[in-house]
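Below is one structure, written out as structure tokens; comments come after it.
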Amino acid sequence: MAATDSIRDYAIGVFDSGMGGLTAVQELNRILPNENIIYFGDTARIPYGSRSRETILRYAAEDVAFLRQHEIKMIIAACGTVSSMALDTPIVEDMPFTGVIAPAIEAACSATKKKRVGIIGTPATIKSGSYIRAAAATHPDVMIIPQACPLLVHLVENGYTAFDDPVTRLVAEEYLTPVKKENVDVLILGCTHYPVIADIIGDIMGEGVRLISAGAEAAKFAKKCLMKQDLLTSRSEKGKNTYYVSDSTEMFEENARYFLHEEVHGDVFRSNF
Ligand code: DGL
């Protein structure tokens, strides 16, 4: 059935535990500039990555319910942790949906020549084995080397993102050295916060290692999905991003520039939970 024009002009709903999902928004703005985006960042309850599966799924259900209060035509879980839990437990079934795992695995496994892919993520993501299972299902010839990086989210959230930041570099070296030793030629940034420090990660891994942003790959997948379902907007003017957060809007406005490289003043609102 052809989509009505009004549904086509609904927004794309994106959520994350905090600001990391903005790496997906940035890519959506680049490849789908006419689409409206409703973003929800659960900044009051971040981090999700150190919580139990039950809690993460409960939070995710509430995030989805919040997005559903708006006119949306698709949902992107732009959070590696939620996407990992949603691999076995579907969280959206009545409209197009994607997490970040399958799109990132597809991009990484297509890019690796050595058939050795590293994946870094939160403790919950790595413990779930989500990336390993997704790769085994579609690219069983590719070896996945996982590494949890518990401290990186906190460093990014607190603005320790400069290329020469000694603390972030030290912590990243600690996590990445074992992955580098495994001779990977592709590294998935399996948590949506990590692209903000991609320059540090890339510098440590070395030139021969390609970095894949899970959030950006989810955005590309979302475009394909909307095209396939004839749900792309017919508008020709630039789309609008509207952001909702469960904690301080000021803090979000201040830090969003690390992710988006632009100001979001005036477009950020407090959610009702
Ligand atoms: N957004 C989460 C992810 O991509 C990282 C932050 C958190 O732990 O909630 O896994």
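Before moving on, here are some points about what is shown:
- Close pairs from the stretch 101-120: first within 13 Å of Lys220 (Cα to Cα), partner among the β-branched types (Val, Ile, Thr) and in a strand (DSSP E or B), Cβ under 6 Å, at least 6 apart: Ala104/Ile188; Ala104/Ile212; Ala107/Ile212
- Members of the stretch 113-146 found to be assigned to a loop (DSSP other than H, G, I, E, B) and surrounded by 24 or more Cβ atoms within 10 Å (Cβ to Cβ), listed by number: Thr122
- Odd one out for Val184, checked against (1) open to solvent by less than 40 Å² (accessible area, probe 1.4 Å); (2) away from the ligand (no atom under 16 Å from the Cβ); (3) free of Cβ contacts under 8 Å to residues at least 60 places away in the same chain; (4) not in a strand (DSSP E or B): (3)
- Test: Ser213 is open to solvent by 20 Å² or more (accessible area, probe 1.4 Å) and in contact with a Phe, Trp or Tyr (Cβ under 8 Å, 6 or more places away or on another chain): yes
- Unique match (being within 16 Å of the ligand (Cβ to nearest atom), of a type in the set (Gly, Ala, Ser) and more than 21 Å from His261 (Cβ to Cβ)) among Gly215, Gly190, Gly159, Gly206: Gly190
- Residues (of a type outside the set (Lys, Arg) and in contact with a helix residue (DSSP H, G or I) (Cβ under 7 Å, 6 or more places away or on another chain)) located in the stretch 47-68: Pro47, Tyr48, Gly49, Ser50, Ile56, Leu57, Ala60
- Looking only at the stretch 87-107, and only at residues there that are within 12 Å of the ligand (Cβ to nearest atom) and outside any helix (DSSP H, G or I), the one that is surrounded by the fewest Cβ atoms within 10 Å (Cβ to Cβ): Gly99
- Hits in the stretch 53-84 (condition: part of a helix (DSSP H, G or I), within 12 Å of the ligand (Cβ to nearest atom) and in contact with a strand residue (DSSP E or B) (Cβ under 9 Å, 6 or more places away or on another chain)): Ala60, Asp63, Gly80, Thr81, Val82, Ser83, Ser84
- Pro150 assigned to a loop (DSSP other than H, G, I, E, B), surrounded by fewer than 24 Cβ atoms within 10 Å (Cβ to Cβ) and touching a Pro at 6+ places or on another chain (Cβ under 9 Å): yes
- Among the residues listed as Ser110, Ser50, the single one being open to solvent by 10 Å² or more (accessible area, probe 1.4 Å) and within 11 Å of the ligand (Cβ to nearest atom): Ser50
- Of residues in the stretch 245-270 being crowded, with 20+ Cβ neighbours inside 10 Å and not hydrophobic (A, V, I, L, M, F, W, C), the one modelled with the highest pLDDT: Ser246
The values are calculated or read from the model by the stated rules, or taken from the named source; none is laboratory data. Model, not experiment: these values are computed from the prediction. Here the Cβ is made from the backbone with ideal geometry for all residues, glycine too, and neighbour counts use every protein chain on show. Areas reflect the complete protein model, heavy atoms only, side chains present, ligands, DNA and RNA absent. Shrake-Rupley method; radii C 1.70, N 1.55, O 1.52, S 1.80 Å.
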